[in-house]
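Data first, discussion second: the structure below is written as structure tokens.
The values are calculated or read from the model by the stated rules, or taken from the named source; none is laboratory data. The structure displayed is predicted, hence computed values, not measured ones. Glycine gets a Cβ as well: all are built from the backbone with ideal geometry, and neighbour counts include every protein chain shown.
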């Protein structure tokens, strides 16, 4: 049996992240790219600027199946005192058609965009969050996409644990609103990897990373760096058990394993070789 899901890499678009893989330096062995929606589809830029951006993205030669960083760095939120529904509607009107033009299927939405702000009515924030998801779903369903809500380890969100994010996704009542599992947050919050088995049909994105890369934060490094491989292996075993067939993304800050500056193509191929060898062993049983 061969694994059904696709293995991809999270990429940097604007060149600001020194240790993120540039979109035009992705190793050939990866199946797809996952780009930041904010800097990839540039919703607040003109259509002319977008056409030039789109040409660059497509020229990279890799499918762009998923996105992350839905509204990063624009001061936007999806609920709370800073939420502006009209601003979000404009964002959706520009974002989703552009993502469709480059083939995106899964829209990652970070849990940090759903803040639980002290002093702001939590029920109101929850209602705003549901409305925001409904708006995203309207556009996602128009273009055959799905929304992947990403529970994270920030304490001031409406939900942080995977199971709480799953509960929220179900409460939206929208067929296109589902969840993502990020390995870093499972580890940092001591969650059971088996939680993804509670509702397998709701899992539409997985992020994996390594840790403890020299000279970098403890959470940084590609999957084969540090001591994460046993955890990743268990994650893959669970994905096999649930017959998972969506995407798994190396969402990581990359480090050099041969000294000197990071050679992203070399490191990507090395990482993929190790992951594919592990998958061949797991899925052959």
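Results for (1) part of a helix (DSSP H, G or I); (2) touching a residue at least 60 places away in the same chain (Cβ under 8 Å); (3) farther than 25 Å from residue 31 by Cβ, shown as yes or no for each residue.
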residue: 90; (1), (2), (3): yes, no, yes
residue: 103; (1), (2), (3): no, no, no
residue: 127; (1), (2), (3): yes, no, yes
residue: 159; (1), (2), (3): no, no, yes
residue: 170; (1), (2), (3): yes, no, yes
* Just to be sure, is residue 36 more than 28 Å from residue 185 (Cα to Cα) and either out of contact with any helix residue (DSSP H, G or I) (no Cβ under 6 Å at 6 or more places or on another chain) or surrounded by fewer than 17 Cβ atoms within 10 Å (Cβ to Cβ) (or both)? -> no
* Applying the selection to the stretch 247-266, what residues are within 30 Å of residue 145 (Cβ to Cβ) and outside any loop (DSSP other than H, G, I, E, B)? -> 247, 248, 249, 250, 264, 265
* Only one residue in 54, 62 is in contact with a helix residue (DSSP H, G or I) (Cβ under 9 Å, 6 or more places away or on another chain) and assigned to a helix (DSSP H, G or I), so which one is that? -> 54
* To do: Could you pull out the residue among 96, 120 that is modelled with pLDDT of 95 or more and either part of a strand (DSSP E or B) or more than 25 Å from residue 54 (Cα to Cα) (or both)?
  => 120
* **Subset of the stretch 217-234 [surrounded by 19 or more Cβ atoms within 10 Å (Cβ to Cβ) and either touching a strand residue (DSSP E or B) at 6+ places or on another chain (Cβ under 8 Å) or touching a residue at least 40 places away in the same chain (Cβ under 8 Å) (or both)]** => 220, 222, 223, 224, 228, 232
* Would you mention how many residues in the stretch 1-50 are farther than 17 Å from residue 100 by Cα and in a loop (DSSP other than H, G, I, E, B)? => 19
* Qualifying residues in the stretch 61-77 (those that are more than 18 Å from residue 16 (Cβ to Cβ) and surrounded by 11 or more Cβ atoms within 10 Å (Cβ to Cβ)) - the one modelled with the lowest pLDDT -> 76
* Mind listing whichever residues of the stretch 190-215 are surrounded by fewer than 16 Cβ atoms within 10 Å (Cβ to Cβ) and part of a loop (DSSP other than H, G, I, E, B)? => 190, 192, 198, 212, 214, 215
